């Protein structure tokens, strides 16, 4: 069994697995929708992750009717959403950790600052 990100499938195998023409895979690469690795002999090698991404592209184009430009937008938004979800999880974890480790709950803590202003008034002698 290969790792999910390990590039092991040649273009002909991927085309056969997904029942599409190899030229379709080349088109997806030209449109920067998928970026297969290359062997030393410049042969395209796809990982299981690449295959899953291509399945998503096929679903969007065939079932939803999205064109390739739209697919690009959807895929970019998906990546951004996943990053934001990960960031939210990290922030929630940090908040929980801070609540557990703090002696005083943040909502009950009070921080005050005092400022002292001194005022000096100079009188101008306008008669001179």
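General remarks:
- The C-beta contact set for the range 23-35 (first residue without any contact (Cβ under 8 Å) to a residue 60 or more places away in the chain, second residue surrounded by 18 or more Cβ atoms within 10 Å (Cβ to Cβ) and part of a loop (DSSP other than H, G, I, E, B), distance under 6 angstrom, 6+ apart or interchain) comprises 28/34.
- One residue stands out in the range 3-45 among those that are within 25 Å of the chain's Cα centre (by Cα) and exposed (fewer than 12 other Cβ atoms within 10 Å of the Cβ): the one that is farthest from residue 67 (Cα to Cα), namely 3.
- Residue 93 being at pLDDT below 95, under 24 Å from residue 16 (Cβ atoms), out of contact with any helix residue (DSSP H, G or I) (no Cβ under 9 Å at 6 or more places or on another chain) and surrounded by 10 or more Cβ atoms within 10 Å (Cβ to Cβ): no
The values are calculated or read from the model by the stated rules, or taken from the named source; none is laboratory data. The structure presented is a predicted model; accordingly, all values stated were derived computationally and were not measured. Because the Cβ atoms are built from the backbone with ideal geometry, glycine has one as well, and the counts that use them run over all protein chains shown.
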